[in-house]
Amino acid sequence: MLTELEFDDIIGYGEASMPPYLGESYESATSFLSKVDLTRFDSPFLMEDILTYVDQLAPGNYAAKASVDIALHDLVGKLLKQPWYKIWGLNPERTPNTSFTIGIDKPEVVRNKSQGSVALQNS
């Protein structure tokens, strides 16, 4: 499930993955996300306040909460026009290798997503 947060015509994207062990579903994530009202915040840079508010809305809902967290980080990075490794002062040459998930889709879509991920890793 994709989540979008918009501020000043910039959109941040997040994703909720709902593995069975979390006990979440598209319906439960949709229900939780419908309760999120970020209009009370003047700025997406109030990340700690925003994420505390989201976390306190209801217990559980970890995938939906993560999607908001990811979208918020994406949005703020785009507003700053900087990748998060620079914002956090990390040396990309010393960061550990990580993995990423490519969702099930048609072979050509998976291939395009995979090639895009590789290109992002090398940039």
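Could you calculate the contour length gain from TYR26 to VAL110, that is, 0.36 nm times the residue separation minus the distance between their Cα atoms, to one decimal place in nm?
28.1 nm
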Next on the checklist: Can you show me the helix-derived [θ] at 222 nm for the chain, built from DSSP H runs with n ≥ 4 at -39,500 (n - 2.57) apiece and divided by the number of residues, rounded to the nearest 500.
Outcome noted: -14000 deg cm²/dmol
Checklist outcome for this item: Quick calc, the stretch 2-84, dipole around Cα centre from Cβ unit charges on Lys, Arg (+) and Asp, Glu (-), nearest 20 debye, gives 120
Item to check | Label corresponding to Cα extents along the principal axes in Å when calculated from the structure given, among (i) 38, 34, 28; (ii) 44, 38, 34; (iii) 45, 36, 26 | outcome: (i)
Next on the checklist: I'd like to know which of ALA16, ASN61, VAL110 lies farthest towards the positive end of the charge dipole of the chain, counting +1 on Cβ of Lys and Arg and -1 on Cβ of Asp and Glu.
Outcome noted: VAL110
Next on the checklist: I need LYS35, LYS65 ordered by Cβ neighbour count within 10 Å, fewest first.
Outcome noted: LYS35, LYS65
Checklist outcome for this item: Karplus ³J(HN,Hα) for the stretch 62-79 (6.51 cos²θ - 1.76 cosθ + 1.60, θ = phi - 60°; Hz, whole; x = Gly/Pro) runs 5, 5, 5, 5, 4, 5, 5, 4, 5, 4, 5, 5, 4, 4, 5, x, 5, 5
Checklist outcome for this item: Footprinting proxy, VAL109, VAL36: sorted fewest to most Cβ within 10 Å, the residues are VAL109, VAL36
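With an 8 Å Cα cut-off and a minimum separation of 6 or more residues, compute the relative contact order for the chain in percent.
Worked out over the chain, it gives 29 percent.
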Checklist entry - Residues with amide H under 5 Å of THR3's amide H, sequence separation 5 or more or different chain, H placed in the peptide plane at 1.01 Å from N; which? => result GLY14, GLU15, ALA16
Checklist outcome for this item: Within the set ASP74, ASP37, ASP105, GNM on the chain using Cα springs under 10 Å gives the largest fluctuation to ASP105
Checklist outcome for this item: Here, LYS81 and PHE41, labelled 7 Å along Cα→Cβ, have an inter-label distance in nm of 2.3
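Values in this text are rule-based calculations from the coordinates and carry no lab data. Just so it is clear, the structure is predicted and the values come from calculations on it, not from any experiment. Please note: Cβ atoms are built from the backbone with ideal geometry, for glycine as well, and neighbour counts cover all protein chains shown.
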